[in-house]
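Novice: Just passing along the structure, written as structure tokens.
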Amino acid sequence: MKTNQVSSNGASTLVVGPLPPAPDVPVDELAARLDSVRREMEADQVDAIVLTDVKNTQYFTDFRSFSWYFNSRPFFALITAQDLIIFAAGYEQAFIDGKPRAFSARYYDGYINEGATAVADTVRSLFKGKSPKIAIDYGEEMFGRGSLTLVDALRELSAGNTVTSASPTLWRVREVKTRFEAELKRTAFAICDDAFNQTIARAHIGITEYEMWRMMQAQNFLNGADSGDPFPLIFSKGDFTYGRPPSSRCLEDGHYIWSDFRATYGGYSADRNRIARAGDPAAWERDTYKAIRELTIEYCNAVRPGMTCSEVFAIGSKLWEPWEAGNKFAFQTPSSLSRRYGHSSGFDIVEVPSLGPYDHTVIKPGMILHIEPKLQRDGAVFQCEEAFYVLEDGIEFLAPLSPEELPIIR
């Protein structure tokens, strides 16, 4: 869908896109994921993994339910060498039985404690008096559902009375994406890019952050997003606080608009930064925007499989050196652990690895990486986040490159 990035009279309207719902994950792909995690479990000498994170459960089962969003009757999942089991409240049975599934299901009557007990009882039954090594998906970049009842019950069953983190095992599987996954990401980026362009075309000086944010969030869904967590969208002339929710601040000439999307398609998120300016920029602003855009693209094209994340960071540091005085890390010390130029993504907005100096993960074909250096200078912000799929011999961008010219609202 082609849209004008420079606003006119605001007469355009929100458009409902024709995008169909995301397809089911192919059966052979689900089987490959399960085979892969079982190989990694064997390598780590893990006998059972308990899944509590919605994204992990969906990744291995392709099961989706609006009941994910209730805390009282949660879903859990269990992976062993022979089994993939989902645990759900009893009222989910009709829905689960309504189509063939890549898993078996067990049901509990009650709330979170009863669900946790059902998981522990099943582990006890499957291992019949043995003490398996059990891991749970609590760890880096994973946001599993916490339950002391579950953890305590698993500790009693596990070898050495210790439950370990499953996140290293799971990330070794999830960090490499198939072409099917990459295409879902591509669609998610298109949804958000179009929403930004459509909203910029309707915006005007005087609009509030909250009004513009509502329009953009609504347009994401109209374009085909299947979910969308609240995302930041802010106006500023130098007082950028990037996690701030939208407010009643009105757009003024000279403001920069910064947004960072969260919408998903098929569960795959579009972490995609876009910027625009209110009113005509000065020549130095246009030139700086173009320079940061070109630098970001050059940086992306330098990435090759076999490099480590720390080596990729070093390339970025060299490219960024002329801009170092105003870069996004100016408030951090050079040795900061959170210093990085980008990251991976998939189901989650941010996934491991990080393109930072302390991450020595080897870049592999199939990874999806984001590069997003940010420059703040004289009240303006310049950022052109680009996302790409790592190939055997290079990269493939998953979204159109940031516009050649700085988008303007009048």
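The values are calculated or read from the model by the stated rules, or taken from the named source; none is laboratory data. It should be emphasised that the depicted structure is a prediction, and the values quoted were computed from it without experimental measurement. With ideal geometry, Cβ positions are generated from the backbone for all residues, glycine too; neighbour counts draw on all protein chains shown.
Novice: Need a quick list: strands (runs of 3 or more DSSP E) entirely within segment 293-410 having at least 2 residues that are not hydrophobic (A, V, I, L, M, F, W, C).
Specialist: On the way: elements: 342-344, 351-354, 368-371, 374-377, 380-383, 386-390, 395-397.
Per the criteria, 342-344, 351-354, 374-377, 386-390.
Novice: While we're on this one: Restricting attention to segment 314-340, which residues are under 21 Å from the mean Cα position of the chain (by Cα) and either modelled with pLDDT of 95 or more or surrounded by fewer than 11 Cβ atoms within 10 Å (Cβ to Cβ) (or both)?
Specialist: Taking segment 314-340 first, the residues under 21 Å from the mean Cα position of the chain (by Cα) are 328, 337-340.
Listed by number, the list holds a single entry, Ser338.
Novice: Can you name the residue in segment 238-266 that is assigned to a loop (DSSP other than H, G, I, E, B) and in contact with a Cys (Cβ under 9 Å, 6 or more places away or on another chain) and, of all such residues, is surrounded by the fewest Cβ atoms within 10 Å (Cβ to Cβ)? Explain how you work it out, then say what you get.
Specialist: Step one: list which residues in segment 238-266 are assigned to a loop (DSSP other than H, G, I, E, B), which gives 238-249, 251-255, 261-262, 266.
Now narrow it down to the ones that are in contact with a Cys (Cβ under 9 Å, 6 or more places away or on another chain): 261-262.
On the way: Phe261: 29, Arg262: 20.
The residue in question is Arg262.
Novice: How many residues are at pLDDT below 95, charged (D, E, K, R) and closer than 29 Å to Gly346 by Cβ if we restrict to segment 373-392?
Specialist: 1
Novice: All but one of (1) under 29 Å from the mean Cα position of the chain (by Cα); (2) farther than 19 Å from Asn113 by Cα hold for Ala159; state the number of the condition that does not hold.
Specialist: Condition (1) is where Ala159 drops out.
Novice: Filter the strands (runs of 3 or more DSSP E) completely within segment 72-122 down to those with at least 1 residues that are surrounded by fewer than 16 Cβ atoms within 10 Å (Cβ to Cβ).
Specialist: The qualifying strands (runs of 3 or more DSSP E) are 104-108.
Novice: Which residues, taken from segment 253-299, are among the acidic types (Asp, Glu) and over 28 Å from Asn223 (Cα atoms)? Show your work before the answer.
Specialist: Of the residues in segment 253-299, the ones among the acidic types (Asp, Glu) are 253, 260, 271, 280, 285, 287, 294, 298.
Listed by number, the residues that qualify are Asp253, Asp280, Glu285, Asp287, Glu294, Glu298.
Novice: Name the single residue that is farthest from Leu184 (Cα to Cα) among those in segment 198-225 being buried (at least 17 other Cβ atoms within 10 Å of the Cβ) and in contact with a Pro (Cβ under 7 Å, 6 or more places away or on another chain).
Specialist: For segment 198-225, the residue satisfying everything is Glu209.
Novice: Failed condition for Val46, given (1) part of a loop (DSSP other than H, G, I, E, B); (2) over 28 Å from Arg155 (Cα atoms); (3) at pLDDT 95 or above; (4) in the same structural domain as Glu114 (by TED's automatic domain parsing), with all others met?
Specialist: Single failed check for Val46: (2).
Novice: Tell me whether segment 254-271 contains one or more residues that are within 29 Å of Gly394 (Cα to Cα) and free of Cβ contacts under 8 Å to residues at least 24 places away in the same chain.
Specialist: Looking only at segment 254-271, we keep the residues that are within 29 Å of Gly394 (Cα to Cα), and these are 259-271.
Right, trim to free of Cβ contacts under 8 Å to residues at least 24 places away in the same chain and you get none.
Scanning segment 254-271 turns up no residue that is within 29 Å of Gly394 (Cα to Cα) and free of Cβ contacts under 8 Å to residues at least 24 places away in the same chain.
Novice: If you take the residues of segment 278-292 that are in a helix (DSSP H, G or I) and among the hydrophobic types (A, V, I, L, M, F, W, C), which of them is surrounded by the most Cβ atoms within 10 Å (Cβ to Cβ)? Full working, then the answer.
Specialist: As a first pass, look at segment 278-292 and keep what is in a helix (DSSP H, G or I): 283-292.
Checking the rest, the ones that are also among the hydrophobic types (A, V, I, L, M, F, W, C) come to 283-284, 291-292.
Working: Ala283: 7, Trp284: 11, Ala291: 14, Ile292: 22.
Looking at the filtered set, the residue picked out is Ile292.
Novice: Being part of a helix (DSSP H, G or I), over 21 Å from Trp258 (Cα atoms) and β-branched (Val, Ile, Thr) narrows it down to one residue among Thr149, Thr199, Thr164; which is it? First the steps, then the outcome.
Specialist: Numbers: Thr199 fails: over 21 Å from Trp258 (Cα atoms); Thr164 fails: part of a helix (DSSP H, G or I).
Step by step, each of Thr149, Thr199, Thr164 is checked, and only Thr149 is part of a helix (DSSP H, G or I), over 21 Å from Trp258 (Cα atoms) and β-branched (Val, Ile, Thr).
Novice: Still on this structure, I have one more. Against the definition (hydroxyl-bearing (Ser, Thr, Tyr), assigned by TED's automatic domain parsing to the domain that holds Cys384 and closer than 26 Å to Tyr59 by Cα), how does Tyr256 come out, yes or no?
Specialist: Numbers: hydroxyl-bearing (Ser, Thr, Tyr): yes; assigned by TED's automatic domain parsing to the domain that holds Cys384: yes; closer than 26 Å to Tyr59 by Cα: no.
When the stated conditions are applied, Tyr256 does not pass them.
Novice: Could you figure out which of (1) under 30 Å from Asp62 (Cα atoms); (2) at pLDDT 95 or above isn't true of Arg272?
Specialist: The failed condition is (2).
Novice: Does Lys185 qualify as being part of a loop (DSSP other than H, G, I, E, B), under 30 Å from Leu369 (Cβ atoms) and touching a residue at least 12 places away in the same chain (Cβ under 8 Å)? Before the answer, list the steps.
Specialist: Values: part of a loop (DSSP other than H, G, I, E, B): no; under 30 Å from Leu369 (Cβ atoms): yes; touching a residue at least 12 places away in the same chain (Cβ under 8 Å): yes.
Judged against the criteria, Lys185 is not a match.
Novice: Kindly indicate which of Gly228, Gly160, Gly224, Gly243 is of a type outside the set (Val, Ile, Thr), closer than 19 Å to Ala22 by Cα and free of Cβ contacts under 8 Å to residues at least 40 places away in the same chain.
Specialist: On the way: Gly160 fails: closer than 19 Å to Ala22 by Cα; Gly224 fails: free of Cβ contacts under 8 Å to residues at least 40 places away in the same chain; Gly243 fails: closer than 19 Å to Ala22 by Cα.
The conditions single out Gly228.
Novice: Going residue by residue through segment 60-68, is there one that turns out to be touching a Gly at 6+ places or on another chain (Cβ under 6 Å), under 30 Å from Trp213 (Cβ atoms) and surrounded by 13 or more Cβ atoms within 10 Å (Cβ to Cβ)?
Specialist: Within segment 60-68, not a single residue is touching a Gly at 6+ places or on another chain (Cβ under 6 Å), under 30 Å from Trp213 (Cβ atoms) and surrounded by 13 or more Cβ atoms within 10 Å (Cβ to Cβ).
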